[in-house]
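Beneath this line is the structure, given in structure tokens, with notes to follow.
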Amino acid sequence: MDPDDLSSGTSLGEIPAHQRTTLTEFEQCRTQGRFDTAKTQTLEREGRWYRSTITPLASGHVVVSHTDVTELKANEAKLLALRDILLTERNRAEAANEAKSEFLAKISHELRTPLNAVIGFADLMAQDYDRGRHNPERHLGYARLISDSGRHLLTIVEDLLDLTRVEKGRVPLEESEVDLVELVQSVRVLVTARRT
């Protein structure tokens, strides 16, 4: 509206009819009649946002105020976008934490197997010595199994350390051939040790 068409104290009836219909409060006053409580609504007009409030007075009149809340709406949109980003980051962090827990559970299992072999064969050797059943050939086999399990354990720890170095970009990738027969024998020893 043209500011000259609206000044303090202007009644709704004094506003030109063609401009009255553009006012949100005109439609509310026309359809709702008397107001017992304040009514507020936020509307967009020509690219700007306005909050219109109709407040009843004891005299039966109403006070209408319009506040430009375009900047507030823009900030609200930014906050909503930021909230979405934070939710996405929180979900990523939770997924990473879950992956870390799963990784630690698997690593614990991988470490436990050779450790059980080391402890088991060392206990068998100690029991034999305690009972006076010294058997060099059998104990040599136990010692080899303990050594193999210890080396396997060391390999796992070194792999973990390498993994952290790779993640930090400190280790270049090096490919090498693997002796499958030796690998299968090592696995068989570990599995057999775990069964005992």
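Listed residues Leu72, Leu79; which is open to solvent by 90 Å² or more (accessible area, probe 1.4 Å), without any contact (Cβ under 8 Å) to a residue 40 or more places away in the chain, within 20 Å of Arg45 (Cβ to Cβ) and not aromatic (Phe, Trp, Tyr)?
Of the residues listed, the single one that is open to solvent by 90 Å² or more (accessible area, probe 1.4 Å), without any contact (Cβ under 8 Å) to a residue 40 or more places away in the chain, within 20 Å of Arg45 (Cβ to Cβ) and not aromatic (Phe, Trp, Tyr) is Leu72.
Sort out which residues of the stretch 50-64 are within 17 Å of Ser7 (Cα to Cα) and more than 43 Å from the chain's Cα centre (by Cα), and write them in order of number.
Selection gives Ile54, His61, Val62, Val63, Val64.
Residue under question is Leu104, and the condition is that it be of a type in the set (A, V, I, L, M, F, W, C) and modelled with pLDDT of 85 or more; does it hold?
It is false that Leu104 is of a type in the set (A, V, I, L, M, F, W, C) and modelled with pLDDT of 85 or more.
Go through (1) modelled with pLDDT of 85 or more; (2) surrounded by 13 or more Cβ atoms within 10 Å (Cβ to Cβ) one by one and return the number of the condition Thr113 breaks.
Every condition holds for Thr113 apart from (1).
If I filter the stretch 92-122 down to residues being of a type in the set (Ser, Thr, Tyr) and out of contact with any Leu (no Cβ under 8 Å at 6 or more places or on another chain), which single residue comes out as farthest from Pro136 (Cα to Cα)?
Filtering the stretch 92-122 for residues that are of a type in the set (Ser, Thr, Tyr) and out of contact with any Leu (no Cβ under 8 Å at 6 or more places or on another chain), the one farthest from Pro136 (Cα to Cα) comes out as Ser101.
For every residue, the table says whether it meets (1) within 30 Å of Leu163 (Cα to Cα); (2) aliphatic (A, V, I, L, M); (3) not in a helix (DSSP H, G or I).
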| site | (1), (2), (3) |
| --- | --- |
| Glu102 | yes, no, no |
| Ile107 | yes, yes, no |
| Pro114 | yes, no, no |
| Ile119 | yes, yes, no |
| Asp128 | no, no, no |
| Glu137 | no, no, no |
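Would you check which residues across the stretch 130-150 are under 23 Å from Pro114 (Cα atoms) and loosely packed, with under 12 Cβ neighbours inside 10 Å and list them?
Hits for the stretch 130-150 are Pro136, Glu137, Leu140.
Yes or no: Arg83 assigned to a loop (DSSP other than H, G, I, E, B) and among the charged types (D, E, K, R)?
Here the answer is no, as Arg83 does not meet what is asked.
Does the stretch 139-183 hold any residues that are among the acidic types (Asp, Glu) and in a helix (DSSP H, G or I), and which are they?
Result: Asp148, Glu158, Asp159, Asp162, Glu167, Glu182.
Quick check on Ala126: is it exposed (fewer than 12 other Cβ atoms within 10 Å of the Cβ), of a type in the set (A, V, I, L, M) and more than 48 Å from the chain's Cα centre (by Cα)?
Yes, satisfied.
Search the stretch 159-184 for residues that are under 26 Å from Asp148 (Cβ atoms) and surrounded by 10 or more Cβ atoms within 10 Å (Cβ to Cβ) and pair each with any residue that is at pLDDT below 90 and acidic (Asp, Glu) when their beta-carbon atoms are under 7 Å apart and the residues are at least 6 apart or on different chains.
Pairs that qualify, where the first residue is under 26 Å from Asp148 (Cβ atoms) and surrounded by 10 or more Cβ atoms within 10 Å (Cβ to Cβ) and the partner is at pLDDT below 90 and acidic (Asp, Glu), are Val171/Asp162.
The values are calculated or read from the model by the stated rules, or taken from the named source; none is laboratory data. Everything numeric here is computed off the predicted structure, so don't read it as measured data. Methodologically, a virtual Cβ is constructed for each residue, glycine included, from the backbone with ideal geometry; neighbour enumeration extends over all protein chains shown. Note: areas computed on protein heavy atoms with side chains; ligands, DNA, RNA excluded. Shrake-Rupley method; radii C 1.70, N 1.55, O 1.52, S 1.80 Å.
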